[in-house]
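The numbers here are math on the coordinates, done by the rules we state, and not lab data. As the structure is a computational prediction, the values presented were derived from the model and not from experiment. Here the Cβ positions follow ideal geometry from the backbone for every residue, glycine too, while neighbour counts run over all protein chains shown.
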Amino acid sequence: QVQLVESGGGLVQAGGSLRLSCAASEWIFSFVAMGWYRQAPGKQRELVARITAAGATDYADSVKGRFTISRDNAANTVYLQMNSLKPEDTAVYYCNGRTTVADYWGQGTQVTVSS
């Protein structure tokens, strides 16, 4: 059973930084891609960043240049470094692992950015 556990969320002021971690119970190359999604109150979940098994990355336009997704293969951990945070980044952030047959999700970690 795949487990994804997020950590690192919290309350920060605008302009601050956080680093989110997603620890996977499986070798992360088991996934076609891993990524971070977020869901703000009243909004649908949206892709923030993803990284493929080959290491290619994609970012939502709203976070490009501010957020960086990376991985520690030995630790089976994916990170999301979030810099220059804005109040509109406030959301629950979810780790996602995608295989050819299913998506797996962590429980989420709250990120709140105050103005």
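Extending 7 Å from the Cα toward the beta-carbon at both W105 and S84 defines two label points whose distance is 3.0 nm. The stretch between Q13 and A54, if pulled fully straight at 0.36 nm per residue, gains 11.3 nm over its current Cα-Cα span. Karplus-based coupling profile of region 42-57, in residue order and whole Hz: x, 10, 7, 5, 10, 6, 9, 7, 8, 9, 7, 4, 7, x, 6, 10, with θ = phi - 60° in 6.51 cos²θ - 1.76 cosθ + 1.60 and x standing for Gly or Pro. For the chain, relative contact order (Cα pairs under 8 Å, six or more residues apart, normalised by length) works out to 37 percent.
Taking amide hydrogens as placed 1.01 Å from N in the peptide plane, the amide H of A49 sits under 5 Å from those of W36, A60, each at least 5 positions away in sequence or on another chain. Summing charges over neighbours of T52, with a neighbour being any other residue whose Cβ is under 10 Å away from its Cβ, gives +1 when K and R count +1 and D and E count -1. Note on K64 and S25: the extension gain reaches 11.2 nm, defined as 0.36 nm multiplied by sequence separation minus the Cα-Cα distance. Phi angles of region 85-92 translate, via the Karplus equation with coefficients 6.51, -1.76, 1.60 and θ = phi - 60°, into HN-Hα couplings of 5, 10, x, 5, 7, 4, 4, 8 Hz per residue; Gly and Pro are given as x.
Normalised by 2.2 N^0.38 Å, where N counts its residues, the alpha-carbon radius of gyration of region 7-115 equals 1.00. Across region 100-107, coupling constants 3J(HN,Hα) worked out from phi with the 6.51/-1.76/1.60 Karplus curve, θ = phi - 60°, read 6, 10, 6, 10, 10, 10, x, 7 Hz, and Gly and Pro carry x.
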